[in-house]
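So the structure is just underneath, and the comments pick up after that.
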Amino acid sequence: YGDEVGWQNHQFTGTGEFTLSFGNFKVEMTVPADHIVGSTGECLNYAAVLTPTQMSRWTKAQSADQPVQMVTLDEALAASKVTTNGKKKTWIYKADNVRDFAWTSSRRFVWDAMKTMVMGKKVMTMSYYAKEAYPIYSKFSTKAVSHTIKTYSDFSIPYPYPVAISVEGNQGMEYPMISFNPGRAEKDGTYNEGNKNAAIFVIIHEVGHTFFPMII
């Protein structure tokens, strides 16, 4: 998002990095009711947009040291087979002192989260991914996010935000609190060490960009 042109909705396909000026955002995203939204910032209305089961899992994730799935693979697969019925939900996110704002929405997402403590402060580390990335992402993505913000905090500045997210996407690109990273398994669900290590490498790389240049 930029003041000059507003929302940019084309996938970033260049090879350079970019930064915008710092700003505060409060954004409302109205999407099909069966979608799950991930975003820069903190969601202000999970209680209104999540199911009671999802909300219970989110509460559990607040104190979990292993990823908790708010949406399971079976639930994501079931949702992906349903044609939307026209109902909508509005997700509200707030982000302060960020250089940019990005978000994602899909009915196909598995969503997991866990608590990560960074120098005495709780950060919710999360991942959103489709079935194609499930074999790798469910095991490694959120843990890689957690490892990255703790390690970069040790070597640079304390991670300042309440959320850090990895979304499975076509290629790696960072935005404040959220990054998009490849990491799909083979069609039969198998993967080798190269596939796994490549996914972890890009997740660490793009989440690391939250520090440089998205802050510094």
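Entry remark, segment 183-216: residues being closer than 11 Å to Ala133 by Cα, open to solvent by 40 Å² or more (accessible area, probe 1.4 Å) and in a loop (DSSP other than H, G, I, E, B) number 5 in total. Within segment 17-28, if we keep just the residues that are among the aromatic types (Phe, Trp, Tyr) and open to solvent by 40 Å² or more (accessible area, probe 1.4 Å), the residue that is modelled with the highest pLDDT turns out to be Phe22.
The condition of being modelled with pLDDT under 95, closer than 19 Å to Gly169 by Cβ and of a type outside the set (Lys, Arg) holds for only one of Gly6, Gly14, that being Gly14.
Summed over segment 141-170, the residues that are out of contact with any strand residue (DSSP E or B) (no Cβ under 7 Å at 6 or more places or on another chain), under 20 Å from Val110 (Cβ atoms) and in a loop (DSSP other than H, G, I, E, B) give a count of 1.
Among (1) free of Cβ contacts under 8 Å to residues at least 60 places away in the same chain; (2) open to solvent by less than 40 Å² (accessible area, probe 1.4 Å), which single condition is Met173 missing? For Met173, the exception is condition (1). Of note, Ser63 satisfies the criterion of being of a type in the set (Gly, Ala, Ser) and either free of Cβ contacts under 8 Å to residues at least 60 places away in the same chain or open to solvent by 60 Å² or more (accessible area, probe 1.4 Å) (or both). Residues in segment 158-172 that are farther than 15 Å from Lys122 by Cα and of a type in the set (Val, Ile, Thr): Val167 only. Please go through segment 125-170 and give me each residue that is among the hydrophobic types (A, V, I, L, M, F, W, C), free of Cβ contacts under 8 Å to residues at least 60 places away in the same chain and closer than 23 Å to Tyr1 by Cβ, ordered by number. Ala164, the sole residue that qualifies.
A quick yes/no check of all residues on (1) buried (at least 21 other Cβ atoms within 10 Å of the Cβ); (2) of a type in the set (Gly, Ala, Ser); (3) touching a Ser or Thr at 6+ places or on another chain (Cβ under 8 Å):
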residue: Lys87; (1), (2), (3): no, no, no
residue: Asp100; (1), (2), (3): yes, no, yes
residue: Arg108; (1), (2), (3): no, no, yes
residue: Thr116; (1), (2), (3): yes, no, yes
residue: Ser127; (1), (2), (3): yes, yes, yes
residue: Tyr137; (1), (2), (3): yes, no, yes
residue: Met177; (1), (2), (3): yes, no, yes
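This table checks each residue for (1) within 18 Å of Ala164 (Cα to Cα); (2) open to solvent by 40 Å² or more (accessible area, probe 1.4 Å); (3) touching a Pro at 6+ places or on another chain (Cβ under 8 Å); (4) of a type in the set (A, V, I, L, M).
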residue	(1), (2), (3), (4)
Thr30	no, yes, no, no
Ala33	no, no, no, yes
Ser39	yes, no, no, no
Tyr46	yes, no, no, no
Thr53	no, yes, no, no
Ser56	no, yes, no, no
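The values are calculated or read from the model by the stated rules, or taken from the named source; none is laboratory data. The shown structure was predicted, so the numbers you read here are calculated from the model rather than taken from an experiment. Every residue, glycine among them, receives a Cβ derived from its backbone with ideal geometry; neighbour counts consider all protein chains shown. The area values use the complete protein model at the heavy-atom level, side chains included, leaving out ligands, DNA and RNA. Shrake-Rupley method; radii C 1.70, N 1.55, O 1.52, S 1.80 Å.
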